[in-house]
Amino acid sequence: MPPLDAVRRLSAALSNLALLRAEFAAVELAQARAQLLRWFALVLCAALLAAVGLMSLGALLVYLLWPLLGAWAFLVPAAAAGLAAALLARRLRREIAEAPPLLAETLRELGRDRDALCAASGEQASEPRR
């Protein structure tokens with residue numbers, strides 16, 4: 001086998017590998033976009049629910065509690081809406097903190113590719129710079 005054929009086969013294999021990894025990265029980016037849109041929808045729903053809850057329940061409670069508490073009747077619905085908003089915000093922060101880093105699987109696969117190529121050539125793989 002002439003050396004030129006080996007170089008062609010190696011370059012074809014490397015380009016196929018790069019294309020596969022790029023497709024993998026595109027899938028991961030699409031998943032990240034979907035997750036971001038879901039979080040955005042959660043934030044909008046939480047804000048909408050907090051506003052509706054504050055207005056409707058607040059108005060009702062103020063109306064019912066005004067003879068007993070007077071101006072203090074405004075505190076009850078405000079505290080309930082604030083608690084609900086805080087719970088939703090805590091859930092959102094927890095989901096964002098637990099989410100994997102962007103392109104984590106792609107980077108892991110690229111590391112495996114590097115290790116495999118280095119093992120095939122007899123070299124030691126070095127750790128990537130961060």
Open item on the list: Only Cα pairs within less than 10 Å get springs; with that Gaussian network setup on the chain, which residue of Gly82, Gly58, Gly70 has the largest fluctuation?
Closed with: Gly70
Open item on the list: Can you give me the % of accessible surface on the chain that is carbon or sulfur? Probe 1.4 Å, all protein chains present, nothing else counted.
Closed with: 70
TODO: Name the residue, out of Ala85, Ala25, Ala12, whose mean-square fluctuation peaks in a Gaussian network model built on the chain with Cα pairs under 10 Å.
DONE: Ala12
Task: CD proxy at 222 nm, helix term only [per DSSP H run n ≥ 4: -39500 (n - 2.57); per residue of the chain; nearest 500] - done: -31000 deg cm²/dmol
TODO: Using +1 at the Cβ of each Lys and Arg and -1 at the Cβ of each Asp and Glu in the chain, identify which of Ile96, Gln31, Leu68 lies farthest towards the dipole's positive end.
DONE: Leu68
TODO: Between Pro100, Pro67, Pro77, find the one with the highest GNM mean-square fluctuation for the chain; connect C-alpha pairs within less than 10 Å.
DONE: Pro67
Open item on the list: Largest first and in whole Å, what are the equivalent-ellipsoid semi-axes of region 1-126 based on the Cα gyration tensor, each being the root of 5 times an eigenvalue?
Closed with: 61, 14, 5
- [ ] Give the accessible area for Phe74 in Å² (nearest 10); use a 1.4 Å probe, count only protein heavy atoms, and leave out ligands, DNA and RNA.
- [x] 120
Open item on the list: Counting heavy atoms of the protein chains only and a 1.4 Å probe, report the per residue accessible area for the chain as a whole number of Å².
Closed with: 79
Open item on the list: Along the Cα→Cβ direction, 7 angstrom out, place labels at Leu20 and Arg94. What is the inter-label distance in nm?
Closed with: 3.9
TODO: May I ask you to derive the FRET efficiency for Leu107 and Arg8 from their Cβ-Cβ distance with R0 = 25 Å, giving the value to the nearest 0.05?
DONE: 0.30
Task: Whole-number percent relative contact order across the chain, with pairs defined as alpha carbons under 8 Å at least 6 apart - done: 28
Task: Acute angle (nearest 10 degrees) that the helix 3-69 long axis makes with the longest principal axis of the chain, alpha-carbon atoms - done: 0
Task: Potential lengthening between Ala120 and Leu64 on full extension [0.36 nm per residue; Cα-Cα distance subtracted] - done: 12.3 nm
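The values are calculated or read from the model by the stated rules, or taken from the named source; none is laboratory data. This one's a predicted model, so the numbers in the text were calculated from it and none came from an experiment. Cβ coordinates were reconstructed from backbone atoms using ideal geometry, including for glycine residues, and neighbour counts include every protein chain displayed. Quick note on the areas: whole protein, heavy atoms, side chains included, nothing else; ligands and nucleic acids left out. Shrake-Rupley method; radii C 1.70, N 1.55, O 1.52, S 1.80 Å.
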